[in-house]
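Engineer: Let me begin by handing over the structure; questions about it come next.
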Amino acid sequence: MSATAADLVQHARESILRESQALANLADQIDETFAEVVAAVQRCAGKVVTTGAGTSGIMADRLAHLLSVSGTPAFFLPSQDALHGGMGAVTGDDLVIAFSKGGQSAELTQLVERLVERGSEVVAVTERPDSPFAAAATRIVHIATDPIEADAGGLIALGSTLVAGAWGDALTVTLMGLRGFSWEEVVQIHPAGIVGQQRDLPESIAAPQRGGVA
């Protein structure tokens, strides 16, 4: 017997609830390592370079765009391109944020090793802090997808992709607040689309304050 419309709706809702739970559980995983990454970005004399492969690469690309539009110059470097000479764009003044859920990607591990050899600081954002990828980096951010079922079969990166994206979102808004980057500046560098048409702008994102949310 085929599934009814109600069955399909329920199945979709359950998937969304699993993913939303994984996002909610990320909040308790944010610790001092997050603050250390924020400090590293603030110290960075160059640009933030993000990298990754597969869905992790998509989230790395997204983070580079969000950082750039909110006051932190950044660009995305595909890992394969980097291994074919593209890493020459990265200098010792840059900070690299690399994403790999499982940390077993040989290409990413090789890239991180070479970047560290060249004098770059590399932050590894991963679910496997004991992986070769993480071991090659200079700093490790451990984030987990909980429940694991938020990824289909624990294999297809669904919820874990959202978790990585949300971690990057938190980094973006924190840095924007600390830098005092205004909505006027956002509109100025984003003239196309609906964003560039905005005239009635919200209040600026407040910088984090001691003892709680500003």
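The values are calculated or read from the model by the stated rules, or taken from the named source; none is laboratory data. What you see is a predicted model, and the numbers here were worked out from it, not measured in a lab. So basically every Cβ, Gly included, is an ideal-geometry build from the backbone, and we count neighbours across all protein chains shown. When the accessible area is computed, the model is the full protein with side chains, heavy atoms only, and any ligands, DNA or RNA have been set aside. Shrake-Rupley method; radii C 1.70, N 1.55, O 1.52, S 1.80 Å.
Engineer: Can you confirm whether segment 159-170 contains a residue that is open to solvent by 60 Å² or more (accessible area, probe 1.4 Å), closer than 30 Å to residue 186 by Cβ and in contact (Cβ under 8 Å) with a residue 24 or more places away in the chain?
Structural biologist: yes
Engineer: Considering segment 107-154 alone, what residues qualify as being part of a helix (DSSP H, G or I), over 16 Å from the mean Cα position of the chain (by Cα), hydrophobic (A, V, I, L, M, F, W, C) and over 14 Å from residue 51 (Cβ atoms)?
Structural biologist: Scanning segment 107-154 gives 135, 148, 150.
Engineer: Which one is farthest from residue 163 (Cα to Cα), of the residues in segment 34-75 that are buried (at least 16 other Cβ atoms within 10 Å of the Cβ) and charged (D, E, K, R)?
Structural biologist: The residue in question is 47.
Engineer: Then there's this: Identify, from the list 40, 45, 24, the residue that is within 17 Å of the chain's Cα centre (by Cα), without any contact (Cβ under 8 Å) to a residue 60 or more places away in the chain and closer than 30 Å to residue 95 by Cα.
Structural biologist: Going through 40, 45, 24 in turn, just one is within 17 Å of the chain's Cα centre (by Cα), without any contact (Cβ under 8 Å) to a residue 60 or more places away in the chain and closer than 30 Å to residue 95 by Cα: 24.
Engineer: Additional query: For segment 179-198: of the residues being assigned to a helix (DSSP H, G or I) and open to solvent by 90 Å² or more (accessible area, probe 1.4 Å), which is farthest from residue 38 (Cα to Cα)?
Structural biologist: Within segment 179-198, the first condition is being assigned to a helix (DSSP H, G or I), and the residues that meet it are 179, 183-189, 193-196.
Now drop any that are not open to solvent by 90 Å² or more (accessible area, probe 1.4 Å), which leaves 179, 184, 188, 194.
On the way: 179: 11, 184: 23, 188: 25, 194: 30 Å.
Among residues in segment 179-198 that are assigned to a helix (DSSP H, G or I) and open to solvent by 90 Å² or more (accessible area, probe 1.4 Å), the one farthest from residue 38 (Cα to Cα) is 194.
Engineer: Also: Within segment 69-98, take every residue that is among the hydrophobic types (A, V, I, L, M, F, W, C) and outside any strand (DSSP E or B) and give me the one that is nearest to residue 180 (Cα to Cα).
Structural biologist: 69
Engineer: Then there is this: What number of residues within segment 28-68 satisfy the criterion of being in a loop (DSSP other than H, G, I, E, B) and either of a type in the set (A, V, I, L, M, F, W, C) or in contact with a Lys or Arg (Cβ under 9 Å, 6 or more places away or on another chain) (or both)?
Structural biologist: Taking segment 28-68 and keeping what is in a loop (DSSP other than H, G, I, E, B), we get 30-31, 44-47, 53.
After this cut, where a residue has to be either of a type in the set (A, V, I, L, M, F, W, C) or in contact with a Lys or Arg (Cβ under 9 Å, 6 or more places away or on another chain) (or both) as well, the list is 30, 44-45, 53.
Within segment 28-68, residues that are in a loop (DSSP other than H, G, I, E, B) and either of a type in the set (A, V, I, L, M, F, W, C) or in contact with a Lys or Arg (Cβ under 9 Å, 6 or more places away or on another chain) (or both) number 4.
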